[in-house]
Number of protein chains: 2
Amino acid sequence: MSKKNLKKQQIIEAAIEVFSKNNFQNSTISQIAQKAEVAEGTIYQYFKNKEDLFFSIPVEKTKDFCRELELHLQGITGTFSNIRKFIWYYLYFFKMNPGYGRTLMLEMRVNKSFAKTKAYDSFKNLTDRILEIIKEGQEEGVIRKDVNIFITRQLILGILEHVVTRWLLKGETYDVLEHYQDVSDLVLHGIGLSKGE
Amino acid sequence: MSKKNLKKQQIIEAAIEVFSKNNFQNSTISQIAQKAEVAEGTIYQYFKNKEDLFFSIPVEKTKDFCRELELHLQGITGTFSNIRKFIWYYLYFFKMNPGYGRTLMLEMRVNKSFAKTKAYDSFKNLTDRILEIIKEGQEEGVIRKDVNIFITRQLILGILEHVVTRWLLKGETYDVLEHYQDVSDLVLHGIGLSKGE
DNA sequence: TATTATAAATGAACGTAATTCAATTATTTG
DNA sequence: CAAATAATTGAATTACGTTCATTTATAATA
């Protein structure tokens, strides 16, 4: 890594620490500068402003998220198994990275600027991937032809976001993976009486 | 209304206008004071701080939300019809109150302090109501006995929050009620092949 | 290596906005 | 009507993001 990028990385490391302890509002540039052992002005050489620095944080982590998901999906056949694995992995990743979760779920995801960030581009891979799985399922005939695949994706992402957000707001006091089976079952079969998988 | 509460109401009215035009961060006390025609210091007589004022805003609106939902559910029999109506009404309310939506969905719902507010207490009525509907459905036998009713609630609230949040982030450029049928169908039947309702 | 040119880093200074508080004005009470 | 109490005010304080003139480090050149 070049010398310039090294210092940039130094600042990001410090920002991660500060931003995931407090939130955006309560984190200060001077705290970050101190932790990174640079002057406050230096930060503005590398980032347009506080928000720009904030949005630079989850880029790498989100790439990891997608890369490792791909690995976990390898060798799994069958649409339902893939969806189950997707749900499991999604919850697992946040369980292992609660700081990332707090920043992404409680602050970035609800910010209008987020859609324009690099982290969002990475995150889009994730949502594209689940759409692909749904599409394949429909072609294979295990998913009804008359369901809207985009709404299906929203169902899956919706419950996952809700479950993770709730867990974070409750201070991560229980295991977010606890109900992964129930979540999968509901998504796959709905709440009505079913003839089984 | 007492004279004291009148002035408090005056401040809240002004705050609603200012906070739903800009967001929390970009709204200033001085803007609100000007609109309410009081001095900045007066605001601190009625509210602990900016956040406290912010959280006082959605209390009344949320009460309306619950009250009107109850009205819409009147005279509907059958669990599935009730769930459909709940979903329709939820989307409808945000369609009619986008300013409230932006404040509640994008700012309050992801704030740890929200759970301690009066608005949250009102909102809880809403989530209690859907749980009740689900419970009744299970007792009547139209909902599978083996589904977790709490996770079922999370499924419904999850997709609704996701749909509304997406719509708000996209600048309310389409009709959020557009896919209400698809959403209901998916929640009720899941994505797997089904023998029909 | 010495000199110059360019880039990076600094932190004091500035502007903005939340919050406080001593002084002022309005209202109630005896 | 005077004294006591409560409400209102806005200037002062404080805190923080951002800028910029100056200094320090690095690279280029001869």
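Of the listed requirements (1) of a type outside the set (S, T, Y); (2) more than 11 Å from the chain's Cα centre (by Cα); (3) surrounded by fewer than 19 Cβ atoms within 10 Å (Cβ to Cβ); (4) within 14 Å of chain A (Cβ to nearest Cβ), B:I83 misses just one: (3). Scanning segment A:63-79 for residues that are crowded, with 19+ Cβ neighbours inside 10 Å and either of a type in the set (A, V, I, L, M, F, W, C) or over 30 Å from A:H189 (Cα atoms) (or both) yields A:F65, A:L69. The set of residues in segment B:138-177 that are of a type outside the set (A, V, I, L, M, F, W, C), outside any helix (DSSP H, G or I) and more than 7 Å from chain A (Cβ to nearest Cβ) comprises B:G141, B:K145, B:D146, B:K170, B:G171, B:E172, B:T173, B:Y174, B:D175.
If I filter segment B:110-122 for residues that are surrounded by fewer than 19 Cβ atoms within 10 Å (Cβ to Cβ), among the aliphatic types (A, V, I, L, M) and assigned to a helix (DSSP H, G or I), do I get at least one hit? Yes; the residues of segment B:110-122 include at least one that is surrounded by fewer than 19 Cβ atoms within 10 Å (Cβ to Cβ), among the aliphatic types (A, V, I, L, M) and assigned to a helix (DSSP H, G or I). Confirm whether A:E172 is among the charged types (D, E, K, R), at pLDDT 95 or above, within 30 Å of A:D52 (Cβ to Cβ) and buried (at least 17 other Cβ atoms within 10 Å of the Cβ). So A:E172 does not fit the description; no.
Per-residue answers, yes or no, for (1) modelled with pLDDT under 95; (2) in the same structural domain as B:E70 (by TED's automatic domain parsing); (3) within 16 Å of the chain's Cα centre (by Cα):
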site	(1), (2), (3)
B:A119	yes, yes, yes
B:F123	yes, yes, yes
B:V147	yes, yes, no
B:L160	no, yes, yes
B:D185	yes, yes, no
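For segment B:95-109, a residue qualifies if it is closer than 23 Å to A:L168 by Cβ and assigned to a helix (DSSP H, G or I), and the qualifying residues are B:G101, B:R102, B:T103, B:L104, B:M105, B:L106, B:E107, B:M108.
Out of curiosity, is B:S113 within 16 Å of DNA strand C (Cβ to nearest atom) and closer than 30 Å to A:G171 by Cβ? Taking the combined requirement at face value, the residue satisfies it. B:K135 satisfies every condition listed in (1) out of contact with any Lys or Arg (no Cβ under 9 Å at 6 or more places or on another chain); (2) within 8 Å of chain A (Cβ to nearest Cβ) except (2).
Of the candidates A:F65, A:F94, A:F86, the single residue that is under 27 Å from A:G137 (Cβ atoms) and touching a Gly at 6+ places or on another chain (Cβ under 6 Å) is A:F94.
Contact map, segment A:17-41: residues that are in contact (Cβ under 8 Å) with a residue 24 or more places away in the chain paired with residues that are outside any helix (DSSP H, G or I) and surrounded by 17 or more Cβ atoms within 10 Å (Cβ to Cβ), Cβ distance under 7 Å, separation 6+ or inter-chain. Pairs shown: A:F19/A:S27; A:F19/A:I57. Number of residues in segment B:91-137 that are within 19 Å of B:I159 (Cα to Cα), touching a residue at least 24 places away in the same chain (Cβ under 8 Å) and basic (K, R): the value is 4.
Do you know which residues across segment A:1-46 are within 14 Å of chain B (Cβ to nearest Cβ) and farther than 22 Å from A:T62 by Cβ? Correct list: A:Q25, A:N26.
Across segment B:6-14, not a single residue is classified as within 21 Å of the chain's Cα centre (by Cα), at pLDDT below 95, closer than 27 Å to A:Q25 by Cβ and away from DNA strand D (no atom under 16 Å from the Cβ).
The values are calculated or read from the model by the stated rules, or taken from the named source; none is laboratory data. All values reported here derive from a predicted model rather than from experimental measurement. As a convention, Cβ positions derive from the backbone with ideal geometry for all residues, glycine included, and neighbour counts pool all protein chains shown.
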